[in-house]
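What follows is a set of notes on a single structure, which appears directly below.
The values are calculated or read from the model by the stated rules, or taken from the named source; none is laboratory data. This is a predicted model, so every value here is computed, not measured. A quick note on method: Cβ atoms are made from the backbone with ideal geometry, for glycine too, and the neighbour counts reach across all protein chains shown.
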Amino acid sequence: MVDFEKLGAFYLGKTEQGPLLLDAKDFVTHAVCVGMTGSGKTGLCLSLLEEAAIDGIPALIIDPKGDLANLLLTFPNLAPADFLPWVNEDTARQKGVSKEQFAADTAAKWKEGLAQWGQDGNRIRKLREAAEITIYTPGSNAGVPISVLRSFSVPSAAILEDREALRERIQSTATALLALLNFAGDPIQSREHILIAKLIETSWNNGSDLDIATLIQQIQKPPITRIGVLELESFFPAKERFELAISLNNLLASPGFEAWMEGVPLDISSLLYTPAGKPRLAILSIAHLSDAERMFFVALLLNQVVSWMRTQSGTTTLRALVYMDEIFGYFPPTANPPSKLPLLTLLKQARAFGVGVVLATQNPVDLDYKGLANCGTWLIGRLQTERDKQRLIDGLQGAAAQSGSPLNPAALDQLLSSLKSRIFLMSNVHRGGLEVFESRWCLSYLAGPLTKSQIKTLTQAKPVESASAPPPPPAFAAPATSPRPVLPPGIEQHFLPYRGQGPAAYHPVLLGLATVRFTDTKTKVDFSQQVAYLTPLLPGPVPVDWQRAEAAGLEPGDLEAEPHAQASYEDLPAPATQPKSYAAWSKDFTNYLFANQKLELRRSNNLGLTSLPGESERDFRIRLNDAAHAARDQAVSALRQKYTPKLMLLEERIRKAEQIMQREAEQASAAKVQTGLSIATGILGAFLGRGFTKSTVGAVGTAARSMGRASKESGDVARAEENLEAAQQQKAALETQLQEEIATMQMKYDALNEALEATVIAPKKTNISVKFFSLCWQPE
Ligand SMILES: Nc1ncnc2c1ncn2[C@@H]1O[C@H](COP(=O)(O)OP(=O)(O)OP(=O)(O)O)[C@@H](O)[C@H]1O
Ligand SMILES: [Mg+2]
C-alpha cells in the first residue's frame, strides 16, 4: 500500500471512484457535519481528527458527550485483552456471551473493519506516535483539570492594542461569567454585565489579572466612581451590588468548585503542543458539567482561541483544528449565547491564520445561517425532517448556482433521506460538485461515551508531559551573624526584597547586571541580552567564586535602599570592606560572562530556518512544523503541475485504445466489466487532485484478457493493443517516478524529528558591559 500519510491528504473514506482524500488545507475554510442520530457523524469526524494527528496537525476537541475520548482507545496490537476493559458488559450479556468472548469478537471486528479499509495496527501505531492525546476536564480532576477561574488573565499585547478585539474579549468574558451564575435577563444591557465588564477593563488596563476573589471585593468596593456619565452609586447602589457579590461568592463556596481553580492554565499554545513542541489532540471533555458551566467554559475557551490566533503569523496551510461535536445551543440562528460571537469570529477570520473549525450537529436548523455560509466543506449524513433538508438544499443550491451547475432539489431531497449510516454527501468548494462517500473505519475503538472514572483510568495511565519544576536554589552555609556592618564610603549596599514573616536574616552577595551583545555575520544575528547574576560573599581565603553564581531575574528597580526593620546580618569577609576589591571583582565578573555567555541557535537544514534569539526549541519546532506544512503544500501543488498534464495525455491515449478494444471485447465476451481500482491508483488520483480523471486500467485489463482470438487478428485491434501497452508502461514508469518524489518529500518535512544543527555564538569581550555592580544583602 502506498504510504500516503504525509502528503497533507486526509483519508476520510471512499467514493465510487476510490479512496476519498481531502487536502488538509481544504479545512482552513472550515467544515460542518450534519446528520440524524446514528448517521455516523462522530465516527467520521473522529477519523478526520485521526488524520490530522497523523499529519502532525494539533486540534482542540470540545466533547460534550464523552465519545471523542475514544481517541485514546487505540490498540496497535488489536488484542482482545486491549479491548476487554472497554467493551460494554450489558451488550455482551444481551448477546449471551461472556465479556471475554465479546472482547475477542470486538477485537476481531476492528481488525477486519480496518483491513477492509487498507488499514492495520501499524497505522494505529503511527497515530499514537505522531501526536499526544490528552483529555482535559475543566471543573473535575478525572482528566487533566484546567484552572479556568484562577484568573481572568490580561490578554496578549495583540489584543490589548486592537480596540475592537479587546472590547469583544471583555464583553464575552463578562457574559460567560454571568452565564455561570445562571443569570437571567439580557446579558449585555444588564447593569451586572456593565459593571463586571468595566471592572475587567479597568483591571486589564492596569496590566493586572483579575481573579474571582478580587472581583467580589471590587464589586463591593469598586475602583471606579462613574459608569459612563452616571455616578456608580445611583447606577448600581452598593446594597444591590452586594447581592451580585454574594451570588459570586456562593459560586466560589459551592462544593466541588475548587476543581475550577486547579490544574493547568487555559493556555491555547500549551493545549495544542507539548513542552517538547509535539502536536497534541486536546480533548476538552465537558460531559460532566451543567449546561451553564458548559456554556461558560466553551465561551471562555473560544475567546482564548481567538486571542491566540491573533498572535500567530498568517499562513495558507492548516495549522490547527478546532472541533466541536453537538454544537446545538452554542451557535443558534437567533439567540446570542456567549459562545456565538467567538465562533462567528473564528469562522470569519481564522482562515488567514490556518485555523480550521469543524462543527457537528444533528440538525442544520440549529446552526446560524451566516456561520454555515462560511463553511467550505459540508458533510451531510441522512436527514429526516423537512426543515433540516430544506435548509441544506437551499444552501447547496446557493453554492451550485454560483458554480453554474444547478441542482435538482427533488432528487436531492430524496437522496438526503435515503442515505445509509456512514454514507455522506459532500459539497466541497475546493473540489466543486457533490460527491457521495462512505466514511472509513476508525483507528480508535468506538466504545461510546466514556464515564468520568474511565477518563480517570485513561489519564492516570498516561501522565501529561509538563515542564519540570526548576531545581531549588542551593542553600548557603550559615556562619555567624552580627548587626548591620558599617562600611566605608565608596561601597554601596542594597537589599533584596524580603517577603517572609518575622525578622530577616541577611547574607552578603555580589550582584552584577550586564548587557551582553551577540553578533555574527554568518547568521546575521545582532542581539543584546540583559543578564543578572548573584554570587555569595564567602568567609575564607577566596571570598568570591563566580563559578557559584546564579542567574537572577533582577533589575536595579527591584532593590531596596533600606533593610527590613528587624534583621540580622552575616559577617562580611574582610576584602568586602575595601572599595578596591569591587573593581577587581567586577573585572572577574566580565571574564566569567565572557567564558560562559553564549547564544545557542538551532538550524533546520531541511527547511532553511534558524531559531530566533530567545526562542525555545519547543517554539522553534512548532514554527518548523508550520513551515513544513506550508512548504509541503507548495511542493504537492508543484508535483501536481508537473505530473498531471503528462498523466492526462497518457490517460487519453489509453482511453482511445481501450475504446477500440472494448468494442471488440464486448462482442467477444459478455463478461461483466469490473471497475474496481486498487487503493494505490486511487490515492494517486486523489493526490493529483481535481480534474484528473481516474484511470480505467482495471476495466481495460479485464476487457483485454477476455478478448476473443478472432478479434485480435484485426489490424486495428493489434495496433490499439500495442498503443495501449506502451501507454500503460509509460504511465507506470511515470507513477513510480512520482512515488519516489513523494517519498523524498516526506522525509524532508519531518519537523518534529529532524536533528537540528546547533550554532553557538559567543560574545566579543568588548560587547560585554557591566551596568551595575554592588554589594547586596539577600534574605534567607
Ligand atoms: N467510521 C466508523 N468506523 C466504525 N464504526 C463506525 C464509524 N462511524 C460510525 N460507526 C458506528 O456507528 C455508530 C453510530 O455512529 P456515530 O456515533 O458516529 O453517529 P452520530 O451521527 O454521531 O450520532 P449522534 O448524533 O447520536 O451522536 C457508532 O457507535 C459506531 O458503532
Ligand atoms: Mg455523535
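Can Val322 be described as β-branched (Val, Ile, Thr), within 16 Å of ligand 1 (Cβ to nearest atom) and outside any helix (DSSP H, G or I)? When the stated conditions are applied, Val322 does not pass them.
Could you tell me which of the residues Arg653, Arg663, Arg632 is in a helix (DSSP H, G or I) and either closer than 30 Å to Ala24 by Cα or in contact with a strand residue (DSSP E or B) (Cβ under 7 Å, 6 or more places away or on another chain) (or both)? Show your work before the answer.
Working: Arg653 fails: either closer than 30 Å to Ala24 by Cα or in contact with a strand residue (DSSP E or B) (Cβ under 7 Å, 6 or more places away or on another chain) (or both); Arg663 fails: either closer than 30 Å to Ala24 by Cα or in contact with a strand residue (DSSP E or B) (Cβ under 7 Å, 6 or more places away or on another chain) (or both).
Answer to the check: Arg632.
In the range 337-379, how many residues are within 16 Å of ligand 1 (Cβ to nearest atom) and within 11 Å of Ala31 (Cβ to Cβ)?
Going residue by residue through the range 337-379, those that are within 16 Å of ligand 1 (Cβ to nearest atom) are 358-367, 378-379.
Of the ones still in play, those that are also within 11 Å of Ala31 (Cβ to Cβ) are 358-360, 378-379.
Matching residues across the range 337-379 total 5.
Return a yes/no flag: does the range 34-43 have any residue that is basic (Lys, Arg) and either crowded, with 22+ Cβ neighbours inside 10 Å or more than 10 Å from ligand 1 (Cβ to nearest atom) (or both). Yes, some residue in the range 34-43 is basic (Lys, Arg) and either crowded, with 22+ Cβ neighbours inside 10 Å or more than 10 Å from ligand 1 (Cβ to nearest atom) (or both). Picking from Val429, Val436, which residue would you name as being modelled with pLDDT of 90 or more, closer than 22 Å to His30 by Cα and surrounded by fewer than 19 Cβ atoms within 10 Å (Cβ to Cβ)? Result: Val436 is the single residue among Val429, Val436 that is modelled with pLDDT of 90 or more, closer than 22 Å to His30 by Cα and surrounded by fewer than 19 Cβ atoms within 10 Å (Cβ to Cβ). Residue pairs whose Cβ atoms lie under 6 Å apart, sitting 6 or more positions apart in sequence or on different chains, and linking a residue in the range 318-335 that is of a type in the set (Val, Ile, Thr) to a partner that is within 16 Å of ligand 2 (Cβ to nearest atom), are Ile327/Leu359; Ile327/Thr361.
Can you tell me which residue within the range 350-371, out of those that are in a helix (DSSP H, G or I) and within 16 Å of ligand 2 (Cβ to nearest atom), is nearest to Ala176 (Cα to Cα)?
To start, the set of residues in the range 350-371 that are in a helix (DSSP H, G or I) comprises 350-353, 364-366, 369-371.
From what's left, within 16 Å of ligand 2 (Cβ to nearest atom): 364, 366.
Details: Pro364: 25, Asp366: 21 Å.
Looking at residues that are in a helix (DSSP H, G or I) and within 16 Å of ligand 2 (Cβ to nearest atom), I get Asp366.
Of the numbered criteria (1) in contact with a strand residue (DSSP E or B) (Cβ under 9 Å, 6 or more places away or on another chain); (2) more than 18 Å from Ile62 (Cβ to Cβ), the one Tyr369 fails is (1).
The residue that is nearest to Ala174 (Cα to Cα), among those in the range 290-321 that are small (Gly, Ala, Ser) and within 14 Å of the chain's Cα centre (by Cα), is Ser307.
Of all the listed residues (Leu60, Leu49), the sole one being in contact with a Phe, Trp or Tyr (Cβ under 8 Å, 6 or more places away or on another chain), within 16 Å of ligand 2 (Cβ to nearest atom) and touching a residue at least 40 places away in the same chain (Cβ under 8 Å) is Leu49.
Do we have any residue at all in the range 303-312 that's hydrophobic (A, V, I, L, M, F, W, C) and farther than 29 Å from Glu161 by Cα? No.
Every residue, every condition in (1) at pLDDT 90 or above; (2) touching a helix residue (DSSP H, G or I) at 6+ places or on another chain (Cβ under 8 Å), yes or no:
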site	(1), (2)
Glu233	yes, no
Arg241	yes, yes
Asn250	no, no
Pro255	no, no
Ile268	yes, yes
Leu271	yes, no
Arg280	yes, yes
Leu289	yes, yes
Phe296	no, yes
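Among the residues of the range 389-411, at least one is crowded, with 16+ Cβ neighbours inside 10 Å, among the β-branched types (Val, Ile, Thr) and in a helix (DSSP H, G or I).
Applying the condition of being part of a loop (DSSP other than H, G, I, E, B) and among the charged types (D, E, K, R) to the range 3-29 and asking which residue is modelled with the lowest pLDDT yields Asp3. Taken over the range 56-86, the residue count meeting the criterion of being on the phi < 0 side of the Ramachandran plot, touching a strand residue (DSSP E or B) at 6+ places or on another chain (Cβ under 7 Å) and assigned to a loop (DSSP other than H, G, I, E, B) is 2. Arg602 meets all of the listed conditions (1) touching a strand residue (DSSP E or B) at 6+ places or on another chain (Cβ under 7 Å); (2) more than 15 Å from Ala276 (Cβ to Cβ) but one, namely (2). A search for C-beta distances below 6 Å between a residue of the range 561-582 that is aromatic (Phe, Trp, Tyr) and any residue that is outside any helix (DSSP H, G or I) and buried (at least 19 other Cβ atoms within 10 Å of the Cβ), counting only pairs 6+ apart in sequence or on different chains, returns Tyr569/Tyr506.
Does Tyr330 satisfy the criteria of being within 16 Å of ligand 2 (Cβ to nearest atom) and under 20 Å from Asn182 (Cβ atoms)? Please lay out each step first, then the result.
Numbers: within 16 Å of ligand 2 (Cβ to nearest atom): yes; under 20 Å from Asn182 (Cβ atoms): yes.
For Tyr330, the condition - within 16 Å of ligand 2 (Cβ to nearest atom) and under 20 Å from Asn182 (Cβ atoms) - is met.
Of the residues contained in the range 3-19, none is found to be within 16 Å of ligand 2 (Cβ to nearest atom), more than 15 Å from the chain's Cα centre (by Cα) and more than 27 Å from Ala352 (Cβ to Cβ). Being within 16 Å of ligand 1 (Cβ to nearest atom) and either surrounded by fewer than 24 Cβ atoms within 10 Å (Cβ to Cβ) or in contact (Cβ under 8 Å) with a residue 12 or more places away in the chain (or both) is not true of Leu84. Within the range 87-98, the residues that satisfy the criterion of being within 16 Å of ligand 1 (Cβ to nearest atom) and either in a loop (DSSP other than H, G, I, E, B) or in contact (Cβ under 8 Å) with a residue 40 or more places away in the chain (or both) are Val87, Asn88.
What about Ser269, is it outside any loop (DSSP other than H, G, I, E, B), among the hydroxyl-bearing types (Ser, Thr, Tyr) and either at positive phi or more than 16 Å from ligand 1 (Cβ to nearest atom) (or both)? Considered against the rule, which asks whether it is outside any loop (DSSP other than H, G, I, E, B), among the hydroxyl-bearing types (Ser, Thr, Tyr) and either at positive phi or more than 16 Å from ligand 1 (Cβ to nearest atom) (or both), Ser269 comes out as yes.
One line per residue, one yes/no per condition, for (1) modelled with pLDDT under 90; (2) buried (at least 17 other Cβ atoms within 10 Å of the Cβ); (3) touching a Leu at 6+ places or on another chain (Cβ under 6 Å):
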position	(1), (2), (3)
Gly143	no, yes, no
Leu149	yes, yes, no
Glu161	yes, no, no
Glu168	yes, yes, no
Thr173	yes, yes, no
Asn182	yes, no, no
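Among the listed residues Leu343, Leu379, Leu347, which satisfies the condition of being more than 16 Å from ligand 2 (Cβ to nearest atom), closer than 30 Å to Phe297 by Cα, in contact with a Cys (Cβ under 8 Å, 6 or more places away or on another chain) and not polar (S, T, N, Q)? So that I can check it myself, show each step before the final result.
Details: Leu343 fails: in contact with a Cys (Cβ under 8 Å, 6 or more places away or on another chain); Leu379 fails: more than 16 Å from ligand 2 (Cβ to nearest atom).
Just a single option satisfies the conditions, and that option is Leu347.
Of all the residues that make up the range 392-425, how many are away from ligand 2 (no atom under 16 Å from the Cβ) and in contact (Cβ under 8 Å) with a residue 60 or more places away in the chain? Adding up the residues that qualify gives 1. Residues that are more than 16 Å from ligand 1 (Cβ to nearest atom), at negative phi and buried (at least 21 other Cβ atoms within 10 Å of the Cβ) within the range 7-33 comprise Leu7, Ala9, Asp23, Ala24, Lys25, Phe27, Val28, listed in sequence order. Scanning the range 334-349 for residues that are out of contact with any Phe, Trp or Tyr (no Cβ under 6 Å at 6 or more places or on another chain) and outside any helix (DSSP H, G or I) yields a count of 5. Leu344 falls short on exactly one of the conditions (1) buried (at least 22 other Cβ atoms within 10 Å of the Cβ); (2) more than 25 Å from Ala69 (Cβ to Cβ), and that condition is (1).
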